[in-house]
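**Q** For reference, the structure I am asking about is given below.
The values are calculated or read from the model by the stated rules, or taken from the named source; none is laboratory data. Keep in mind it's a predicted model, so treat the numbers as computed, not measured. Ideal geometry is used to build each Cβ from the backbone, glycine not excepted, and the neighbour counts take in all protein chains shown. Heads up: the accessible areas ignore ligands, DNA and RNA and are worked out on the full protein's heavy atoms, side chains in. Shrake-Rupley method; radii C 1.70, N 1.55, O 1.52, S 1.80 Å.
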Amino acid sequence: MSTDPQQDWKHWHERRATTVSAPYGPLSLTGTHWLSDSPEGRVPGVPGRWTADGDEVLLTASPQDGITVDGEPAAGEVRLTADTGPVPESRVAAAGRRLVVLRREGLWAVRVFDPRSPARRAFAGLEVTPYDAKWALPGRFRPYAEGRTTVRVENADGRQRGLGLAGEIAFEIDGAEHTLQVAVEDDGSLWAVFADATGGAGSYRFRFLRPPAPAADATVTVDFNRALLPPCAFADHFICPFPPPGNTLPVPVPAGERNRIDR
């Protein structure tokens with residue numbers, strides 16, 4: 001990493017644009033199919049038969065289905081667990097698509113990633129505000145005394161799910177203190193789902209922010225130049241959580257990624 005924050009941001013943004021537009025990036029998601037909605041195991045538009053079986057998914061395939069598992073043609077029954085790595089490394093593929101096994105709150109789903117998706121073909125880039133040092137704010141992480149709490153929030157698919165939160169980050173904008181509730185990732189970095197006064201009027205309705213792990217003294221840089229569009233800004237089939245109560249800032253934050261641009 002260089003000592004020039006603007007140059008670091010430029011490289012970060014370039015990597016981000018490449019990730020978004022990749023063949024199996026978020027634009028390629030064409031469906032999230034919950035197995036509970038398909039009791040016979042026939043997922044719309046997906047070959048094979050998929051059934052939930054406790055802590056696994058049972059995939060039954062015939063040679064005519066054209067399914068591969070771990071790069072080998074699948075025939076008969078294969079037991080699968082949730083995919084946790086990058087989409088291109090998921091175990092199941094068919095006709096150039098990746099079929100990703102997903103589990104949320106005990107429910108199983110199959111996600112379809114297709115590089116030929118209409119959204120990927122239409123994508124022309126990201127609307128992003130140029131770097132402004134004003135929006136790289138000094139902040140402080142305040143962990144919750146109880147360690148972690150779970151709140152129920154609506155998701156982009158209309159269902160409510162639990163969102164685990166571990167504390168809040170405090171920072172000032174134009175001399176006034178604001179806070180955002182955050183989760184703590186496995187590597188110690190933070191994750192916030194937030195909205196601001198530009199949401200739906202200049203920016204997507206909500207965004208993500210991923211500050212680094214706080215320092216030993218709990219200080220952390222809250223850099224809104226790196227505000228991210230959530231996956232559901234690229235495909236309707238993601239189940240992004242909406243901001244939890246208190247995470248809608250009453251002021252505009254005209255920084256970071258703002259919208260998707262289509263041709």
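**Q** Using 0.36 nm times the number of residues separating residue 218 and residue 201, minus their current alpha carbon distance, what extension gain do you get?
**A** Stretched fully, the residue 218-residue 201 segment lengthens by 2.8 nm.
**Q** Note down the relative contact order for region 10-138 as a percent, whole number, built from C-alpha pairs under 8 angstrom at least six residues apart.
**A** Taking the mean separation of contacting Cα pairs over the length of region 10-138, I get 26 percent.
**Q** So for the chain, averaging the separation of alpha carbon pairs under 8 Å that are six or more residues apart and normalising by length, what relative contact order in percent results?
**A** 18
**Q** Length gain on complete extension for the stretch residue 3 to residue 159, per 0.36 nm per residue less the alpha carbon to alpha carbon distance?
**A** 51.8 nm
**Q** Sticking with this one: How many percent of Cα pairs in region 139-263 exceed 26 Å?
**A** Tail of the P(r) past 26 Å holds 18 percent of the pairs.
**Q** Cα-Cα pairs above 14 Å in region 189-263: how many percent?
**A** 62
**Q** If you roll a 1.4 Å probe over the heavy atoms of the protein chains, what accessible area per residue do you get for the chain, in Å²?
**A** Here the per-residue accessible area is 49 Å².
**Q** So how do 97-103, 69-75, 194-200 stack up, highest first, on mean other-Cβ count within 10 Å?
**A** 97-103, 194-200, 69-75
**Q** Can you list residues whose amide H is under 5 Å from residue 222's amide H, if they're 5+ apart or on another chain and H is modeled 1.01 Å from N?
**A** 137, 139
**Q** Tell me the Kirkwood radius of region 36-144: reciprocal of the mean inverse pair distance over distinct alpha-carbon atoms, in Å.
**A** Mean inverse Cα-Cα distance, inverted, gives 16.7 Å.
**Q** A further question follows. Could you give the angle, 0 to 90 degrees to the nearest 10, between helix 5-21's Cα long axis and the longest principal axis of the Cα atoms of the chain?
**A** Helix 5-21 sits roughly 20 degrees off the main axis of the chain.
**Q** Which value, in Å³ per residue, describes the convex hull spanned by the Cα atoms of region 1-81?
**A** 155
**Q** Pick from 125, 188, 48: which residue has the top mean-square fluctuation in a GNM of the chain where Cα pairs under 10 Å get a spring?
**A** Fluctuation is largest for 188.
**Q** Considering only DSSP states other than H, G, I, E and B, which trypsin sites (Lys or Arg not before Pro) in region 147-231 qualify as loop sites with at most 14 other Cβ atoms within 10 Å?
**A** 148, 159
**Q** How high is the relative contact order of region 120-263? Use alpha-carbon pairs under 8 Å, at least six apart in sequence, and give a whole percent.
**A** The normalised contact order for region 120-263 reaches 34 percent.
**Q** Related question: Any chance you could check the Cα centroid distance between region 29-74 and region 210-263 for me, in angstrom?
**A** 33
**Q** Would you mind checking which residues have amide H under 5 Å from residue 74's amide H? H placed 1.01 Å from N; only 5 or more apart, or other chain.
**A** It is 67, 68, 69, by chain and number.
**Q** Take the Cα pairs of region 94-178, get the Kirkwood Rh, then feed it into Stokes-Einstein at 25 °C and 0.890 mPa s and tell me D in µm²/s.
**A** 137
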